[in-house]
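The values are calculated or read from the model by the stated rules, or taken from the named source; none is laboratory data. Values in this document were obtained by computation on a predicted structure and should not be read as measured data. When we count neighbours, we look across all protein chains shown, and the Cβ atoms used for this are built from the backbone with ideal geometry, even at glycine.
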Amino acid sequence: MPNFECHISVAAITSAFCVAFGSAKFGWDSSASSLAFLAGLSGGLVPDLDSDASKSLRISGAIVGLGVAAAVVGYVSSPGQFLNRPWPAQSTAIAAIGSFFLFNAIFVEIIKRRTKHRGLFHSFAVPFLYGGLWAVMVSSSGGLTVMAVWLVAIVGVFTHLLLDAGQSMSFNPLKIASDDISASTRLWVLTTLVNFLAFTRLTL
Ligand SMILES: [Zn+2]
């Protein structure tokens with residue numbers, strides 16, 4: 001199987017190429033280009049979230065933990081009645097560290113339980129779901145950025161699926177859905193909704 005380094009290198013090269021092309025051809029500015037590059041690069045790692053031992057999963061768990069910890073610090077250090085805020089530095093630090101480990105562990109555990117390696121995360125819905133989520137996140141930055149990020153995010157995830165397919169000499173990773181029809185249906189419905197939301201917000 002292609003390893004982490006292989007996936008991240010191919011995703012980086014492909015995303016850089018797409019961004020260079022997009023800036024030359026469609027005039028993507030530097031913020032659109034850098035967001036698109038980031039989306040494409042991390043997209044190359046997304047499918048292996050379903051692998052229990054993967055670096056993708058560990059990194060994502062750390063990012064989720066850090067995100068929650070940052071939100072907790074922001075909250076407990078702001079003045080307010082509830083929970084007697086702001087908290088002193090020491091309690092804030094303990095709360096931050098605690099929430100980091102807790103949410104990191106919860107995220108990793110949920111993903112591990114709900115996925116099977118090379119299952120739904122390695123299906124055609126995932127590039128579009130991932131691209132759609134990025135498009136929703138950056139929807140306030142204007143149409144050109146949304147388009148850039150959406151496209152390169154999708155390309156990034158596809159590099160992963162294609163590498164897996166090439167290495168295992170099978171089209172197995174390039175599946176539309178998995179054997180689990182109801183999970184596949186839910187994934188595609190979610191993908192459609194997210195993309196619909198991204199592009200309707202764009203025109204509002
Ligand atoms: Zn994979």
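Please verify whether residue 17 is in the same structural domain as residue 166 (by TED's automatic domain parsing), surrounded by 13 or more Cβ atoms within 10 Å (Cβ to Cβ) and in contact with a Lys or Arg (Cβ under 8 Å, 6 or more places away or on another chain), treating the condition exactly as stated. In short, no. The one condition from (1) touching a residue at least 12 places away in the same chain (Cβ under 8 Å); (2) within 30 Å of residue 158 (Cβ to Cβ) that residue 53 does not meet is (1). Taking segment 113-135 as the range and being more than 12 Å from the chain's Cα centre (by Cα) and modelled with pLDDT of 85 or more as the test, the residues that pass are 122, 123, 124, 125.
Of the numbered criteria (1) within 16 Å of the ligand (Cβ to nearest atom); (2) in contact (Cβ under 8 Å) with a residue 60 or more places away in the chain; (3) part of a helix (DSSP H, G or I), the one residue 153 fails is (1). Of the residues screened, residue 112 is not one that is outside any helix (DSSP H, G or I) and basic (Lys, Arg). Can you pull out the residues in segment 50-59 that are surrounded by fewer than 20 Cβ atoms within 10 Å (Cβ to Cβ) and part of a helix (DSSP H, G or I)? Listed by number, the residues that qualify are 55, 58, 59. If you check residue 45 against the conditions, is it under 15 Å from the mean Cα position of the chain (by Cα), farther than 14 Å from residue 150 by Cβ and either within 13 Å of the ligand (Cβ to nearest atom) or among the hydroxyl-bearing types (Ser, Thr, Tyr) (or both)? So residue 45 passes the test. Of the residues 83, 35, the single one that is crowded, with 20+ Cβ neighbours inside 10 Å and farther than 17 Å from residue 106 by Cβ is 35. Residue 9 fulfils the conditions (1) within 16 Å of the ligand (Cβ to nearest atom); (2) within 22 Å of residue 111 (Cβ to Cβ) except for a single criterion, (2). Within segment 84-123, the set of residues being touching a helix residue (DSSP H, G or I) at 6+ places or on another chain (Cβ under 7 Å) and among the aliphatic types (A, V, I, L, M) comprises 95, 96, 108, 111, 120. Being over 22 Å from residue 63 (Cβ atoms), within 16 Å of the ligand (Cβ to nearest atom) and without any contact (Cβ under 8 Å) to a residue 24 or more places away in the chain holds for only one residue in 193, 162, and it is 162. Residues that are free of Cβ contacts under 8 Å to residues at least 60 places away in the same chain and not in a helix (DSSP H, G or I) do not occur anywhere in segment 28-36.
Taken as a whole, the structure places residue 62 among residues that are farther than 19 Å from residue 154 by Cβ and touching a residue at least 40 places away in the same chain (Cβ under 8 Å). The single residue among 141, 123, 91 that is in contact (Cβ under 8 Å) with a residue 24 or more places away in the chain, more than 14 Å from the ligand (Cβ to nearest atom), polar (S, T, N, Q) and out of contact with any Gly (no Cβ under 7 Å at 6 or more places or on another chain) turns out to be 141.
Scanning segment 86-99 for residues that are surrounded by 13 or more Cβ atoms within 10 Å (Cβ to Cβ) and either within 19 Å of the chain's Cα centre (by Cα) or not in a helix (DSSP H, G or I) (or both) yields 86, 87. Just one of the numbered conditions (1) surrounded by 20 or more Cβ atoms within 10 Å (Cβ to Cβ); (2) over 24 Å from residue 37 (Cβ atoms); (3) of a type in the set (Val, Ile, Thr) is not true of residue 146: (2).
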